[in-house]
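Reading through the structure tokens given below for one structure.
The values are calculated or read from the model by the stated rules, or taken from the named source; none is laboratory data. Only a predicted model underlies this, so the values are computations on that prediction, with no experimental measurement involved. We place every Cβ from the backbone using ideal geometry, glycine too, and count neighbours over all the protein chains shown. Just so you know, the surface numbers come from the protein's heavy atoms only, side chains and all, with ligands and any DNA or RNA stripped out. Shrake-Rupley method; radii C 1.70, N 1.55, O 1.52, S 1.80 Å.
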Amino acid sequence: GAKNAAVAILPAALLVNGTCRIENVPDISDVRLLLEILSDMGANIRRLSRNAVEIDCRHARNATAPIELVRRIRASYYLIGVQLGRFGHAHVAMPGGCNFGVRPIDQHIKGFEQLGAKVTIHHGKIDARAEELTGNHIYLDCPSVGATINIMMAACMAPGKTIIENPAKEPHIVDVASFLNSMGANIKGAGTDAIRIRGVEKLHGSEYSIIPDQIEAGTYMLAVAATRGDVYIKNVIPKHLEAITAKLTEIGAEVEEFDDCVRVKADKRLSYANVKTMPYPGFPTDMQPQMTTLLALSEGTSIVTETIFETRLKYVSELRRMGANIAVEGNAAFITGVEGFT
Ligand code: UD1
């Protein structure tokens with residue numbers, strides 16, 4: 001299951017005074033942490049199997065999540081949208097997570113404020129409260145994944161109509177919207193240039209299965225290409241992998257698409273390419289390090305430009321220790337391919 005969908009869908013279960021059963025949940029530390037946070041807030045969590053969980057939020061309280069847990073996971077910012085949406089008040093520590101440099105949440109805050117919340121930040125904690133949220137027209141300055149999902153979650157029960165313009169369009173945005181709709185929300189246009197949400201009075205419990213993780217699948221695809229393998233990667237949505245497939249094909253690998261599977265084959269050293277990370281459907285920033293590594297083993301000179309997180313090239317110094325020939329200037333990596341790493 002997709003990690004970036006799971007980390008939004010699990011907290012979203014808190015929006016309902018009922019029970020959600022969620023399947024295809026990845027068994028990863030972020031998920032375990034979020035379940036611990038939800039449990040601490042009074043949710044009753046039942047693990048049905050390694051990848052399925054039942055979350056009963058009938059007795060959930062509007063408690064402040066433990067700071068030591070919140071600081072360990074970026075996606076804890078979803079607690080703000082969810083608590084605001086269900087209880088009208090959220091008090092959450094500033095989120096932690098991977099260090100890619102400055103990761104502001106001003107677009108989340110702008111969205112909450114435009115829905116009528118008063119947001120203050122004090123001693124590293126965000127306090128957002130509203131007597132009642134009201135639908136509004138919100139224009140995001142940049143297509144932020146977190147802000148788009150957070151606003152969708154807060155707005156589902158806000159009376160009136162909310163429109164999010166310039167939203168992120170990643171597959172996990174669509175997945176979270178589908179989950180919310182399965183709970184009775186009225187969200188249209190997720191995955192397009194405008195998301196329209198008509199506030200509903202309340203949501204109900206539901207059963208949902210999370211989409212496959214495009215980044216995990218893409219990582220296997222590039223690993224196959226880097227090691228000159230021939231592998232079928234099953235249980236994927238090939239459409240979500242198009243940016244990766246296109247680059248692999250461009251550098252000489254073969255990619256064959258099936259309904260829910262891709263086959264990647266590479267029997268020779270691949271060639272160079274230029275790659276620029278972009279919001280979906282562009283090349284994902286979360287695949288940038290894997291792509292740089294593959295290009296470092298390919299023939300010729302490649303340029304990889306990171307446009308989403310300015311300091312997301314820090315790992316390059318470690319690759320260099322293994323023999324990669326990469327120079328970093330600002331947000332660009334200039335790669336001269338080598339035959340192999342040591
Ligand atoms: C999410 C993903 C992460 C992925 C990233 C970009 C989750 C939990 N994490 O992170 O894996 O790398 O999308 O696809 O889903 N920005 C602002 N103000 C804001 C919010 C964001 O300026 O309020 C900027 C960021 O600094 C960044 C860009 O917008 O340059 C995209 O960030 P965003 O899409 O919000 O990333 P995350 O939600 O943190």
(message) Return the residues of region 76-100 that are at pLDDT below 85, more than 8 Å from the ligand (Cβ to nearest atom) and open to solvent by less than 60 Å² (accessible area, probe 1.4 Å); say none if nothing qualifies.
(response) 95, 96
(request) Please identify the pairs in which a residue from region 124-135 that is in contact (Cβ under 8 Å) with a residue 24 or more places away in the chain has its Cβ atom under 8 Å from the Cβ atom of a residue that is charged (D, E, K, R) and not in a loop (DSSP other than H, G, I, E, B), counting only partners at least 6 apart or on another chain. (result) 128/118; 129/118; 130/118; 135/161; 135/198
(message) Quick check on region 238-296: of everything there that is surrounded by fewer than 17 Cβ atoms within 10 Å (Cβ to Cβ), of a type in the set (A, V, I, L, M, F, W, C) and not in a helix (DSSP H, G or I), which residue is nearest to the chain's Cα centre (by Cα)?
(response) 278
(message) Pairs please, first residue from region 164-175 and within 9 Å of residue 149 (Cβ to Cβ), second anywhere and of a type in the set (Gly, Ala, Ser) and away from the ligand (no atom under 11 Å from the Cβ), Cβ atoms under 6 Å, 6+ apart in sequence or on different chains.
(response) 173/190
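Among residues belonging to region 161-170 that are within 14 Å of the ligand (Cβ to nearest atom) and either open to solvent by less than 10 Å² (accessible area, probe 1.4 Å) or under 22 Å from residue 55 (Cα atoms) (or both), point out the one that is nearest to the chain's Cα centre (by Cα). Write out each step before concluding.
In the first step, residues of region 161-170 are kept if they are within 14 Å of the ligand (Cβ to nearest atom); the result is 164, 166-170.
If we keep only those that are either open to solvent by less than 10 Å² (accessible area, probe 1.4 Å) or under 22 Å from residue 55 (Cα atoms) (or both) as well, we get 164, 167-168.
Numbers: 164: 18, 167: 13, 168: 10 Å.
Result: 168.
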(request) Would you please name the residue that is most open to solvent (accessible area, probe 1.4 Å), looking only at residues in region 139-160 that are more than 12 Å from the ligand (Cβ to nearest atom) and outside any helix (DSSP H, G or I)? (result) 139
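Considering each of 50, 58, 32 in turn, give the residue that is touching an Asp or Glu at 6+ places or on another chain (Cβ under 8 Å), among the basic types (Lys, Arg) and open to solvent by 40 Å² or more (accessible area, probe 1.4 Å).
Values: 58 fails: touching an Asp or Glu at 6+ places or on another chain (Cβ under 8 Å); 32 fails: touching an Asp or Glu at 6+ places or on another chain (Cβ under 8 Å).
Of the residues listed, the single one that is touching an Asp or Glu at 6+ places or on another chain (Cβ under 8 Å), among the basic types (Lys, Arg) and open to solvent by 40 Å² or more (accessible area, probe 1.4 Å) is 50.
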(request) Output the qualifying pairs, or none if there are none: Cβ atoms under 7 angstrom, residues six or more apart or on different chains, first residue in region 198-222 and over 30 Å from residue 298 (Cα atoms), second residue hydroxyl-bearing (Ser, Thr, Tyr) and outside any helix (DSSP H, G or I). (result) 205/19
(message) Just to check your reading of the model, which residue among 194, 185, 177 is under 22 Å from residue 24 (Cα atoms), open to solvent by less than 30 Å² (accessible area, probe 1.4 Å), more than 16 Å from the ligand (Cβ to nearest atom) and small (Gly, Ala, Ser)?
(response) 185
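With the requirement that a residue be more than 20 Å from residue 19 (Cβ to Cβ) and part of a loop (DSSP other than H, G, I, E, B), what does region 51-85 give you?
Looking only at region 51-85, we keep the residues that are more than 20 Å from residue 19 (Cβ to Cβ), and these are 64-77, 80-81, 84.
Those that are more than 20 Å from residue 19 (Cβ to Cβ) and part of a loop (DSSP other than H, G, I, E, B): 64, 65, 66, 71, 72, 73.
If you check 109, 73, which single one turns out to be buried (at least 16 other Cβ atoms within 10 Å of the Cβ), of a type in the set (Val, Ile, Thr) and within 24 Å of residue 202 (Cα to Cα)?
Values: 73 fails: within 24 Å of residue 202 (Cα to Cα).
Matching residue, one of 109, 73: 109.
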(request) Look at region 297-320 and say how many of its residues are in a loop (DSSP other than H, G, I, E, B), more than 10 Å from the ligand (Cβ to nearest atom) and surrounded by fewer than 17 Cβ atoms within 10 Å (Cβ to Cβ). (result) 4
(request) Considering only region 121-138, state which residues are more than 16 Å from the ligand (Cβ to nearest atom) and of a type in the set (Val, Ile, Thr). (result) 134
(message) Return the residues of region 1-22 that are over 14 Å from residue 207 (Cβ atoms), more than 16 Å from the ligand (Cβ to nearest atom) and of a type in the set (A, V, I, L, M, F, W, C); say none if nothing qualifies.
(response) 14, 15
(message) Of everything in region 132-160, what is within 15 Å of the chain's Cα centre (by Cα), among the small types (Gly, Ala, Ser) and farther than 14 Å from residue 79 by Cα? Give them in sequence order.
(response) 144
